[in-house]
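To keep things clear, I will list the structure first and then write my remarks on it.
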Amino acid sequence: MRTTIRDRIESALGESCRGIAGDPAPQIVLETPRDPRHGDLATNLALRIAREKGGKAREIAEQIAVALKGNSNFCPPLCERIEIAGPGFINLFIAPQALQGELALILSEGDRYGASAREGRAKIQLEFVSANPTGPLTVAHGRQAAVGDSLARILSRAGYSVMKEYYLNDRGKQIRLLGHSTLQRYREIFGQKAEIPDEGYKGSYIKDLAERVRVRDGDLWLRAGEEEAIAFFSNCAVEEITAGIVKDLADFHVAFDHWTREREFSESGKIETCIEFLRGRDLIYEKDGAIWFRTESLGDDKDRVLVKSDGERTYFAPDIAYHRDKFEQGFDRVIDFWGPDHHGYVARMRAAVRALGYSDARFTPVIVQLSTLFRGAQKLSMSTRAGEFITLRELMDEVGVDATRYFFARMRTESHLNFDLDLAKKRSNDNPVYYVQYVHARVCSMYKKLNEKKPGFSLPAWENVRFDLLREREERDLIKRLSDFPLAVEQSAAALEPNLICNYMEDLAAAFHQCYTEHTVISEDDSLTAARMGLAEGVRIIVRNGLDLLGVAAPESM
């Protein structure tokens, strides 16, 4: 409904007010006034036109109002009246029949409500998590998984074509250290002295990996050469850890459309081809036996090495080629989720994208901040020198998938998250995910109560229900909040922030609880009962749709 109103205002500007609005006209922003006496929606459009094009804002507002009042598709079917306030605010009072029509639309569309009907929206590749296969997924990876998957769902709902990508770094120094560490633990099992490299991996999962090899192969690898053994344990550890990552993600309701393995990508020749492409653009030079990339001229703080003097490539070289490959696959936009330790990587990768010939608008790096776990006021240690850390699996097992995903998605990605385990497990309205899920369960229970309190009564088809009986202020406010769901999806997609869906859901839950505290749903009046049950069903539909965007279940009982 809000989108329809915005479109009608835009049409009025084009038909009757083009002379005052200019071309292109300013973006139309509709806001909900704090004081209901100022209408259901308001816009400062006239003030913005006056500021940008000149003229008196109130006179411009009057002209826009005249054009809107003369539009039979706007007044009275959408707005029953329009008022000009203050220096030039346009206040709109939504017609009751428009609200009733929106509720009927929600009931008719069900799971489809909130999905964009726009065609031809961008094709997006969204890369997130991409944890190195050197250990189980941590809490930090879990936040990326929850936010990334939720954003993919939201973007898809908003009409974009989204491909979820995982980049698996399964080669290089860290993988060799992983194999060496596992080999040493394997030798330790047989009574040999273990000498874990200083930068090696020391977690208990390394011992578990080594023990599984012993059970399967016995002492076979004690007789192998050092390099052969390290290569074996590197590959074995990568495959087992990757399988664990896939399992954890699946249990976290996250599935990727495509996995890119760096080993295979490196062997494809695309890295060398990319370097030669940059050389052809005079962006490559050699100094001190190394191959350098002229990134300073493209916005980075200095030039970067791609191939070191010993012939080993830096991490930057395959990353550039990988991003070139993304764009060559036809994606209109590439979004990367990175950890806070990658802040310094933003400028150099932007420089690389420019060097490849693509605009800044097509590449969006998103920094996802870390999380700190608490039990009430007690802060939990996230790691130790022994290499132990709190895993995503441990967090899921303790508080559940729903609470974990919701809490991770609830804060802006740029904000550090304090995750209270005790709060996440509470079955009370203090727990935000419980507060929202309980709305869905409560509506489901209403159907059971309806059968108990009014035996023999059957709800008519929704198109036959008299929604004009929903006249109370709380009922109108609730329908307006329901109608804002498509806007919440659109805003969340534009901002790349799933937390906006959480904000919307919690506001909707508050409006629902207030409405059904104030007004009895099941009464002696059959028509009013049917209307209020229809409103409750509309709430249930939106809550279910919203929770689905967050990868969270909508329980029928709690």
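Read-outs throughout are calculated quantities, based only on the coordinates presented, and are distinct from any laboratory measurement. Just so it is clear, the structure is predicted and the values come from calculations on it, not from any experiment. Reconstructed Cβ throughout: ideal geometry from the backbone, glycine too, with neighbour counts over all protein chains shown.
Summarising the amide proton neighbourhood of residue 159: residues at separation of 5 or more, or on other chains, whose placed amide H is nearer than 5 Å comprise 116. By the beta-carbon count within 10 Å of each Cβ, the least crowded to most crowded order of 521, 215, 443, fewest first, is 215, 521, 443. When the chymotrypsin sites (Phe, Trp or Tyr not before Pro) in segment 112-210 are filtered for DSSP coil states and for at most 14 other beta-carbon atoms within 10 Å of their beta-carbon, the remaining sites are 190. Backbone phi angles across segment 497-503, fed through the Karplus curve with coefficients 6.51, -1.76 and 1.60 (θ = phi - 60°), yield HN-Hα couplings of 10, x, 4, 5, 5, 4, 4 Hz in residue order; Gly and Pro are listed as x. Straight-line cross-link partners of residue 56 among the lysines, defined as a Cα under 26 Å from its Cα and at least 8 positions apart when in the same chain: 69.
Ranked by the mean number of other Cβ atoms within 10 Å of their residues, highest first, the peptides 356-365, 70-79 come out as 70-79, 356-365. Of interest is the spacing of the C-alpha centroids, which for segment 139-188 and segment 197-225 amounts to 23 Å.
So if R0 is 25 Å, what FRET efficiency would residue 346 and residue 548 give, r being the distance between their Cβ atoms, rounded to the nearest 0.05?
Efficiency computed from Cβ-Cβ geometry: 0.20.
A dipole drawn for the chain from +1 and -1 charges on Cβ atoms has a positive end, and of 340, 255, 60 the residue lying farthest that way is 60. Converting the Cα gyration tensor eigenvalues of segment 365-521 into ellipsoid dimensions via √(5λ) gives semi-axes, longest first, of 38, 20, 12 Å. Across the options 132, 32, 116, the greatest Cα extent toward the positive end of the charge dipole of the chain (unit charges at beta carbon of Lys, Arg, Asp, Glu) belongs to 32.
Legend: residue pairs 270/302; 193/379; 53/326, Cα-Cα distance threshold 31 Å; pairs beyond threshold, 193/379; 53/326. What number, rounded to the nearest 500 deg cm²/dmol, is the helix-based mean residue ellipticity at 222 nm of the chain, given -39500 (n - 2.57) per DSSP H run of at least four residues and division by all its residues? So the helix-based figure for the chain works out to -16000 deg cm²/dmol. Convex hull of alpha carbon positions in segment 206-274: directionally averaged projected area 6.9 nm².
One decimal place: the segment residue 418-residue 457 gains 9.2 nm when fully extended, by the rule 0.36 nm per residue minus the C-alpha distance. Segment 300-317 and segment 71-130 have their alpha-carbon centroids 51 Å apart. Spin-label pair residue 523-residue 464: with each label point 7 Å from Cα along the Cα-Cβ axis, the two points sit 2.2 nm from one another. Scaling the Cα radius of gyration of segment 4-117 by the globular reference 2.2 N^0.38 Å produces a ratio of 1.11. For the peptides 94-103, 46-55, residues were scored by their other Cβ atoms within 10 Å and the scores averaged per peptide; the highest-first order is 94-103, 46-55. Shape analysis of segment 173-251 based on the Cα gyration tensor places the equivalent ellipsoid semi-axes at 20, 14, 12 Å, largest first.
Computed about the Cα centre, the dipole magnitude for segment 2-94 is approximately 160 debye when only Lys and Arg (+1) and Asp and Glu (-1) carry charge, each at its Cβ. Charges on Cβ only, +1 for Lys and Arg, -1 for Asp and Glu, centred on the Cα centroid of segment 173-251; of 200, 210, 233, which one is farthest towards the dipole's positive end? Going by the Cα projections, it comes out as 210. Here the Karplus relation 6.51 cos²θ - 1.76 cosθ + 1.60, evaluated at θ = phi - 60°, turns the backbone of segment 40-57 into coupling constants of 8, 9, 9, 9, 9, 3, 4, 5, 6, 5, 4, 5, 8, 10, x, x, 8, 4 Hz, with x for every Gly and Pro.
Summing Cβ point charges (Lys, Arg +1; Asp, Glu -1) relative to the Cα centre of segment 340-424 gives a dipole of roughly 480 debye.
For the chain, a simple Cβ point-charge model (Lys and Arg +1, Asp and Glu -1, everything else neutral) yields a dipole of about 660 debye relative to the Cα centre. Going from the residue with the fewest nearby Cβ atoms within 10 Å to the one with the most, 38, 141, 180, 416 rank 416, 38, 180, 141. As a calculated quantity, the FRET efficiency between residue 444 and residue 359 at R0 = 41 Å, using C-beta atoms, amounts to about 0.25. Once divided by 2.2 N^0.38 Å, the Cα radius of gyration of the chain becomes 1.19. With 0.36 nm allotted per residue and the present C-alpha distance subtracted, the residue 272-residue 119 stretch has 51.3 nm of extension available.
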